[in-house]
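> Okay, here's the structure, questions in a sec.
Values in this text are rule-based calculations from the coordinates and carry no lab data. Predicted model only: the values in this text are computed from it and were never measured. As a convention, Cβ positions derive from the backbone with ideal geometry for all residues, glycine included, and neighbour counts pool all protein chains shown.
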Amino acid sequence: MSTGARLIYISYNVIWWMPVALVVIGVWSYREGAIAYLVVTALRALINLYRNNMLTTRAAQSFPLRAP
């Protein structure tokens, strides 16, 4: 995996946890955190649907927006 793809891969997974972290440290309220988490999770679901249904197996393996 190239450096750029690895950075996107790490960022993609860190962004998913950011709403939880921001609620735990008290920056956001529970409501804001829940809404942000819902939005991020919905976007991840759409990206995963694209990856699983539109890409070939080889392209899906190298797709940087994926869960570990």
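> As I understand it, the value is the acute angle between the Cα axis of helix 3-24 and the longest principal axis of the Cα atoms of the chain; what does it come to in degrees, rounded to 10?
Helix 3-24 sits at roughly 20 degrees to that axis.
> In whole Å, what are the extents of the chain along the principal axes defined by its C-alpha atoms, from largest to smallest?
42, 25, 14
> Here is a further query. What FRET efficiency do you get for N52 and E32 if R0 is 30 Å and r is their Cβ-Cβ distance, rounded to the nearest 0.05? Working shown, then result.
Working: r = 30 Å, r/R0 = 1.01.
FRET efficiency, N52 to E32: 0.50.
> Rounded to the nearest 10 degrees, what's the angle between the helix 30-54 long axis and the longest principal axis of the chain, both from Cα atoms, 0 to 90?
Here the helix axis deviates by roughly 10 degrees.
> Another one. Run the helix sum for the chain: -39,500 (n - 2.57) per DSSP H stretch of 4+ residues, divided by residue count, reported at 222 nm to the nearest 500 deg cm²/dmol. Spell out each step's value before the answer.
Values: 3 runs with 53 residues, N = 68.
Only helices count here, giving -26500 deg cm²/dmol.
> At a threshold of 8 angstrom on Cα-Cα distance, excluding pairs fewer than six apart, so keeping six or more, what relative contact order does the chain reach in percent? Could you put the intermediate results ahead of the total?
Working: 34 pairs, mean separation 30.6, N = 68.
Relative CO of the chain lands at 45 percent.
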